[in-house]
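Take a look at the structure below.
None of the figures in this text is laboratory data; all of them are computed from the coordinates on show. Computed from a prediction, not measured in an experiment: that's the story for all the values here. Virtual Cβ from ideal backbone geometry, glycine too; neighbours counted across all protein chains shown.
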There are 2 protein chains.
Amino acid sequence: MPQVKVIVTLKPSLLDAQGRVVKDALNNMGYADVQQVRIGKYMEVEVSGESGDLDAEIKAMCEKLLSNPVIEDYRYEVVL
Amino acid sequence: MPQVKVIVTLKPSLLDAQGRVVKDALNNMGYADVQQVRIGKYMEVEVSGESGDLDAEIKAMCEKLLSNPVIEDYRYEVVL
């Protein structure tokens, strides 16, 4: 059964407030060489692969539900 | 500057309630062939690489802050 690994990240031009907080926390814990942290989402989607065009289906799912295309980018990898 | 890509996932034996909700939503949107969704976190950490042992540093950061080792697994990849 194909498994699709989807990574959704905030667009690079946008400030990642959550990542900033994690970076500050790591610096305060003594990891002074951490320069930047950006946080995204990771999803593993198992599909039965019965639909014809898996690529088109995944793209539609990412654009309609899994990511917000206004502020986020997505990329995915299909593991057969 | 080395970039570390960290993926944190819920341990496979644990029920992923958030993933379950996303799976149901996708099914309701007409993507009937989606069998399972599991949701994790994705982090990009930029380090200046001045500390000696980058691997040990990343493992410590993952275990102390970036993941909850009781319920989550982590893996990472260093991009030089």
**Asked** How would you rank B:MET61, A:MET1, going from fewest to most other Cβ atoms within 10 Å of each one's own Cβ?
**Response** A:MET1, B:MET61
**Asked** How much net charge surrounds B:THR9 when only the other residues with a Cβ under 13 Å from the Cβ of B:THR9 are counted, with Lys and Arg +1 and Asp and Glu -1?
**Response** +2
**Request:** Determine, from the Cβ-Cβ distance of A:LEU15 and B:MET1 and an R0 of 22 Å, the FRET efficiency 1/(1 + (r/R0)^6), rounded to the nearest 0.05.
**Result:** 0.65
**Request:** Check the straight Cα-Cα distances from A:LYS64 and name the lysines below 22 Å, setting aside those fewer than 8 residues away within the same chain.
**Result:** A:LYS5, A:LYS11, A:LYS41, B:LYS23, B:LYS41
**Request:** Treat chain A as a sphere of radius equal to its Kirkwood radius over Cα pairs and apply Stokes-Einstein at 25 °C in a medium of 0.890 mPa s; give the translational diffusion coefficient in µm²/s, rounded to a whole number.
**Result:** 171
